[in-house]
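The structure appears below as structure tokens.
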Amino acid sequence: MMRIITGKAKGRKLITLEGEATRPTSERIKGAIFSAIQFDIEDRTVLDLFAGSGQMGLEALSRGASKATFIDLSRDAMDIVKKNAESTKLYDQSKFVVSDAANYLRKMAGRAKFDLVFIDPPYAMNLCKKTVEALLRYEALSNGAIVVLESGEEEINLGDAPYSNFEVIKSERYGTKTSVNILLYKNEE
């Protein structure tokens, strides 16, 4: 069972799509991520890419983020995100977009900047690097933005581009399947 860990929606249960279409972040990993960024959430503008159930963006809203944009290519997943936003009473702070992540970033180029970005694509698609490149190319990050990458087998070499634009806050492997990298964007301009 998924739930909001803390904040104004603490304890609220979240639903997810049936089957293997989405892979929700485990409560243990979600807890570790949010304990690493807990002092960097207040009043932040959140982008939850590959939103699935929306649990990461909703957790951020529950902990004081000002607004969240949820992106998922699946209309069914977005329906779940909307239901979860309603049940947590965080709907009014949420924006929902059914879109491919790269297309959304391209269309929003220069029109929106985010302070906290969750990137948790289907592991087999190896989309973390491409998504971070798109965030940079389309100038979607505010200076000092935090980017949370959750990946499977995809190799994330933090010393190479595009990751060299970031300072590593945390890099950890959970079991055999999941790596989490929390990065701080340093705009050199």
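Things to note:
- Filter result (in a loop (DSSP other than H, G, I, E, B) and either surrounded by fewer than 19 Cβ atoms within 10 Å (Cβ to Cβ) or touching a Cys at 6+ places or on another chain (Cβ under 6 Å) (or both)) within the stretch 1-15: Met1, Ile5, Thr6, Lys8, Lys10, Gly11, Arg12, Ile15
- Residue within the stretch 78-97 that is in contact with a Pro (Cβ under 9 Å, 6 or more places away or on another chain), in contact (Cβ under 8 Å) with a residue 60 or more places away in the chain and not in a loop (DSSP other than H, G, I, E, B) present: no
- Residue match in the stretch 55-71 (condition: modelled with pLDDT of 95 or more, of a type in the set (A, V, I, L, M) and open to solvent by 20 Å² or more (accessible area, probe 1.4 Å)): no
- Test: residue in the stretch 166-183 that is within 15 Å of Gly57 (Cα to Cα) and open to solvent by 10 Å² or more (accessible area, probe 1.4 Å): no
- The stretch 102-120: number of residues that are open to solvent by less than 40 Å² (accessible area, probe 1.4 Å), over 20 Å from Asn165 (Cα atoms) and assigned to a helix (DSSP H, G or I): 1
- In a residue-by-residue description of the stretch 136-151, the property of being more than 25 Å from Glu42 (Cα to Cα) and either open to solvent by 10 Å² or more (accessible area, probe 1.4 Å) or in contact with a helix residue (DSSP H, G or I) (Cβ under 7 Å, 6 or more places away or on another chain) (or both) applies to at least one position.
- Where strands (runs of 3 or more DSSP E) sit wholly within the stretch 121-189, those with at least 1 residues that are within 17 Å of Tyr104 (Cβ to Cβ) and under 13 Å from the mean Cα position of the chain (by Cα) occupy 141-151.
The values are calculated or read from the model by the stated rules, or taken from the named source; none is laboratory data. Keep in mind it's a predicted model, so treat the numbers as computed, not measured. Positions of Cβ are generated from backbone atoms using ideal geometry, with glycine treated the same way; all protein chains shown enter the neighbour counts. Quick note on the areas: whole protein, heavy atoms, side chains included, nothing else; ligands and nucleic acids left out. Shrake-Rupley method; radii C 1.70, N 1.55, O 1.52, S 1.80 Å.
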